[in-house]
Every structure is written in C-alpha cells, then in structure tokens.
1. What percent do you get for the relative contact order of the chain when only Cα pairs under 8 Å and 6+ apart count?
2. Taking the Cα centre of the chain as the origin and placing charges on Cβ (Lys, Arg +1; Asp, Glu -1), which of Gly205, Leu110, Ala179 is farthest toward the positive end of the dipole?
3. Using a 7 Å offset from Cα along Cα-Cβ at Thr38, what residues in region 63-101 end up with backbone N under 15 Å from the label point?
4. At 1.4 Å probe radius, can you tell me the per residue accessible area of the chain in Å²?
5. To the nearest 10 degrees, how steep is helix 2-18 against the longest Cα principal axis of the chain, on a 0 to 90 scale?
6. What is the percent carbon and sulfur in the accessible area of the chain, measuring with a 1.4 Å probe over the protein chains and ignoring ligands?
7. Is it possible to state the helix-based mean residue ellipticity at 222 nm for the chain, with each DSSP H run of 4+ residues giving -39500 (n - 2.57), the sum divided by total residues, to the nearest 500 deg cm²/dmol? What is it?
8. Between beta-carbons, use under 11 Å as the cut-off and find the net charge around Arg67, counting Lys and Arg +1, Asp and Glu -1.
Amino acid sequence: MLGFGLSFAHALGTQNVLQQPFDPLNLGEMSEWFDFRTLTGSADGDPVSSWVGRRGLYTLAQTGTARPTWKADDGDGSASISMDGVDDSLGTGINNELLFGTTGDMEIWLVIKLPPVPAAGVFTSTGISNQIGLNTGAENATLSLCHGSVSITFPTALLADNGWHVLRLMKSGSRRAVAIDGSTVYDSTTSAGPYVTGDDALNLGYYFGSYGVVGFRHWLAFTEPLSDAVSAALTSYLGDAK
C-alpha cells in the first residue's frame, strides 16, 4: 500500500508541474538551470564573463584565456552565448551530489547549436573519479554520464547542422538514453559504471582538453530521471524558449 501511495503522489506531482503554464523551475528534480535569457541585457558582441544559474546553486565564470561572445541574433532572431573552439569556456567548481544527485542516475538537457562539422567539447564535469561530458565529432558524439570507461556514442547527423536543437541525455542504472528534439536516437544498456560524490569542476564549451565550437541557450541538470510526460513538456518548452 505504501508503494501505491508513493506512486500516486508522484503521479499527482507530475500532473501539477504539467499544468499550464509549464515552468521548469517547478520541477523538484532540477538542480540547476543556466538560461541565456538571464543575460538578455547584453549587447551584440559583448564578452560573457559569468552566467548565473536560475536555481542560484552555481555561477559559471570565464575559464579559458578568452571569454565567450554574446550574439544578439544567432540565426533565428534570438540571442545566444557563442564559443569559438579555441580558447573560451565557462566553468565553476561543483559538488556532484548537489548537481547530479546521490546515485549517478541523472539527466542533463541542453539547447545548443553545432556547425555541420562539429569541433570537440560541448561540456564536461571531472575532477575525482567521475567523467561526465559530451564531445562531438564529425560522425559520432561521445557521451559519458559516469566514467569514460562506459562512454557511449551516437550519430551527430541530426544535431550538427548549424541549427538549434534540444538535447536530452539520461542515465538510469545501466540504461543510457539520448533524444534530439524529442526523438530518441539512442536507448540501450551498458555497465552502470562508478559514481562518486564530492568536489568536481563543470565546464561548458570544453571537454578533456578540447574547446568546442558551440552555441548555448540552455543547460539544465536533474538529480534523477524524468517521466515521459515531463520530458515531452520540457522538450516543447525549451524548443520555444527564445
């Protein structure tokens, strides 16, 4: 009976967050959300030296020798944070337990823009034994959601086209799932892999020594997997959030 009660309560919670208007800030699983709209007072071409998370958990700051650039119009009338793949990124010290949860089951969502031939790092989080991050190549992207020894790959063809895409990255035990604009491109199992809580470092526009040519609008972290209904609502919201 207790299990039924918990399931019923979770269903009610899902119903509540899906009521209009949907707001990701109402999702209890969310730990942090870097939302480009918090920087919309910037002028075209301005350097971006910091990016405050909407949960107030972390603030990203310049980590490379240069700073990313604010674009007032990045191809569709809306702004973005643009990284050149040479020497700019944004990062901060983190605690894995606070940002990604206690078990290693998590979700990371991005709204990003990649060139047709993507160049290297999108993001990474490392510093203890964890290796969490996304690196893009000409044909495949490499995704690690616990440790590099159990990384997966998925095709970048639907992602690297100089357009904006909503990217969902999910880990639940040994399962990994990747969706682009709501369409699943990878869903399989591998080793659950190790996961250690403690101090670490998060970097956007960088992956284990490689800077990436990438535009960012959103980066969100969740401390546990989301339901299908919430994922669909979040995909729609982020696709329209300009």
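1. About 26 percent, as a whole number.
2. Of Gly205, Leu110, Ala179, it is Ala179.
3. Residues passing the 15 Å test: 81, 90-94, 99.
4. Roughly 42 Å² per residue, with all protein chains present.
5. Helix 2-18 sits at roughly 40 degrees to that axis.
6. 51
7. Theoretical 222 nm ellipticity from helices: -4500 deg cm²/dmol.
8. -4
The values are calculated or read from the model by the stated rules, or taken from the named source; none is laboratory data. Given the structure is predicted, the values throughout are model-derived calculations rather than measurements. So basically every Cβ, Gly included, is an ideal-geometry build from the backbone, and we count neighbours across all protein chains shown. Areas reflect the complete protein model, heavy atoms only, side chains present, ligands, DNA and RNA absent. Shrake-Rupley method; radii C 1.70, N 1.55, O 1.52, S 1.80 Å.
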